[in-house]
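Step one of this worksheet: look at the structure below.
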Amino acid sequence: MMQRVVDHVLGVAKESLKAITYESLNNIVRLINGVSALLLALLPGKANILEGIHGWELKPTFRGPRFPRWMENGVSSFNQFIHELSVDSDNSSLEYSSGEEDSDRFDCPPSPASQSSRTSEAGFAKYSRHQMDWIQYILLLILFPVKLLLCIPLHLFRLVYYGVSKAMSITGNKRPSHLHAHKRVLSLKDHIIHRATDRRRGVVEDLHQGIELSIEAVFDVVHKAAHLLISPSEAFGTLFRLFSSHESGTKEDCDGVEDTPIYSATLGENDPTPTQRNVKYQPLNTDARTCQDVITDLGYPYEAIRVITADGYILLLERIPRRDSRKAVYLQHGVFDSSMGWVSNGVVGSPAFAAYDQGYDVFLGNFRGLVSREHVNKNISSRQYWRYSINEHGTEDIPAMIDKIHEVKTAELRLTKPDIEEETDDDQLYNLCAICHSLGGAGMMMYVITQRIEGKPHRLSRLVLLSPAGFHDDSNAVFSMAELLLVLLAPVLSLLVPAFYIPTRFFRMLVNKLARDLHNLPAVGGLVQTLMSYVVGGDSSNWVGVLGLPHYNTNDMPGVSFRVALHLAQMKRTGRFRMFDYGSASANMEVYGSPMPLDLGEHYGLIDIPVDLVAGQKDKVIRPSMVKKHYKLMKGAGVDVSYNEFEYAHLDFTFSHREELLSYVMSCLLLVDPNKKHQVNQRVVRSRRKGQVATSG
């Protein structure tokens, strides 16, 4: 009897402490969110803070969004099964929302109950319903005076009472009702999908869980100590039996006696075989999915190709393969981005999947500049690795990846299409278009121009450049200050800061979790979004949402070398789209053969393929005036160029679901004649042959 009373008292104290701690932490979170909402109301230009972020409210919550935004927009017919599964799960969660919290305690369906499990469950029915109600009445009489004396708020008193009652029902109540179990089973599929798509936790959620586990551990020790004090003989008897059984078990093992079999429930012959979906998550619940995980989870094929540049950098060229297609597209990301940007909006809103559904062989390029620092020289130092500018993106990275694409496509087409018409080795068997964003656009234009200057084929049929970098003289005051700082202090900063990235796994994990907190606390997230918008001159891109994407994870993340940032600052200061200035006439002479860097804008006449330029009316990072500058120079040089504007911010070109943009990009790709041979290759071949004839003559 005494032990039972102690158990109940400790249970009441533990659940009360949990409830008070939870409510206190929740009140602190509400206070932070409320102060942020107040500051948000006072700041100007807050109309666009939550633009593009669906489902946000000013009320904080410990639960993240049920589905990623891209899973709520439907899918193509290729993934109809996934679409139906998500719709069914939404319906079940709406009809049985009351069982949602309970379903979070289960990570997998319970196995069929065996005879031993049914026997053990019968031991929990110690108290009748009348006895449990009597205990709860006494509990109410005890807690109500405490509420009056300590002035505990009514909602906190209800929470404590509910928590204690729940604890008593767990230890002494009957099994859940049939209706409750039915709801739990129906909500299981929704729970599995929620856990499989988004199991990340923020810092606040980790703090709450850590406090709860600490309380459990402390009360477990107190509970064992109380039992030892109340009935020492029983405690010592239990310990004696435990040690004696351990010794006897050891002796039997030494004598060769077989262990006692453990009976467990098994599935019947007609029961479906359980399947497990492997999702990349870290022990601390941070999302570590890769581009491969996103592509394969949506049912598309995937291939990874390792590419080694001429200067020893190892790049990852990813692919959604259509090996027999003579239409290929190469997508190149921008600054602080990776191939994940082209697939992050899922099936409906991602350019990579849209191109694949149109019959294209899709290649996703990745620039050098990951924290993992992959290089043929395993002992390369950080300073040596990050010693590159945009020059290396356009003259090393892109050529290596496009040469690999040409090698792979040529071999596959000759193998899969034996009836292909006879063509010489110099002719190209496929058409390759390029879609580039921001820094990727600048690198691609540099690649085409330098290849033409060197008399090499660039193997491209069309360029689609989304808000391309290159000209930056029309920008905000923050960028102007950064440009001045970088240019003036470059000799010192280059020694102290070789690159801009988050260096350790701990801080990358912290950023990932803080991004989850910014989603759970919308006022705080809105405040951060507004401040980021101020920094980039009012750009309304979803900066908070981008921080939560998987390519900013614990394992790896993209970085920007100091020389790339300095190169952009040089472009802004001079108002020209030039290659990197090494700081002296002699150094430039050694690299370019002239005292000044090569001005790419003066060589736009070498671009011999159609170019489609796209600008964002809300883009404050690369303003439409800067994209128009590309257009005017190309038009004046006789390039077949087009210009279009959409009402987008800078990141909306890759991280937002924009049907009109995808339609426009796909229409640009379809303008390429798949049966037309590559004219650039023919020109280069003819010029080479003429040179060979002149030399031999």
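One table, with the values for the structure above:
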read-out: Enumeration of residues in the stretch 643-686 that are modelled with pLDDT of 85 or more, assigned to a helix (DSSP H, G or I), touching a helix residue (DSSP H, G or I) at 6+ places or on another chain (Cβ under 9 Å) and among the aliphatic types (A, V, I, L, M); value: Leu661, Leu662, Val665, Met666, Leu669
read-out: Scope the stretch 584-639; condition touching a Phe, Trp or Tyr at 6+ places or on another chain (Cβ under 7 Å), closer than 27 Å to Gly455 by Cβ, of a type in the set (A, V, I, L, M) and surrounded by 19 or more Cβ atoms within 10 Å (Cβ to Cβ); matching residues; value: Leu598, Leu600, Leu613, Leu633, Met634, Val639
read-out: Residue in the stretch 18-35 that is at pLDDT 70 or above, surrounded by fewer than 17 Cβ atoms within 10 Å (Cβ to Cβ) and touching an Asp or Glu at 6+ places or on another chain (Cβ under 8 Å) present; value: yes
read-out: Qualifying positions in the stretch 460-508 - in contact with a strand residue (DSSP E or B) (Cβ under 9 Å, 6 or more places away or on another chain) and of a type in the set (Ser, Thr, Tyr); value: Ser461, Ser467, Tyr501
read-out: Residues of the stretch 484-540 satisfying the condition of being buried (at least 17 other Cβ atoms within 10 Å of the Cβ), part of a helix (DSSP H, G or I) and among the charged types (D, E, K, R); value: Arg508, Lys513, Arg516, Asp517
read-out: For Thr395: the one exception among (1) closer than 25 Å to Tyr313 by Cβ; (2) surrounded by fewer than 16 Cβ atoms within 10 Å (Cβ to Cβ); (3) among the hydroxyl-bearing types (Ser, Thr, Tyr); (4) touching a residue at least 40 places away in the same chain (Cβ under 8 Å); value: (2)
read-out: Among (1) crowded, with 18+ Cβ neighbours inside 10 Å; (2) closer than 27 Å to Leu364 by Cα - the single one Asp581 does not satisfy; value: (2)
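For every residue, the table says whether it meets (1) over 16 Å from Val487 (Cβ atoms); (2) in contact with a His (Cβ under 7 Å, 6 or more places away or on another chain).
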| site | (1), (2) |
| --- | --- |
| Gln529 | yes, no |
| Gly548 | yes, yes |
| His551 | yes, no |
| Leu566 | no, no |
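The values are calculated or read from the model by the stated rules, or taken from the named source; none is laboratory data. Being a predicted model, the structure only gives us computed values, none of them experimental. Cβ sites come from the backbone with ideal geometry, for glycine too, and all protein chains shown count toward neighbours.
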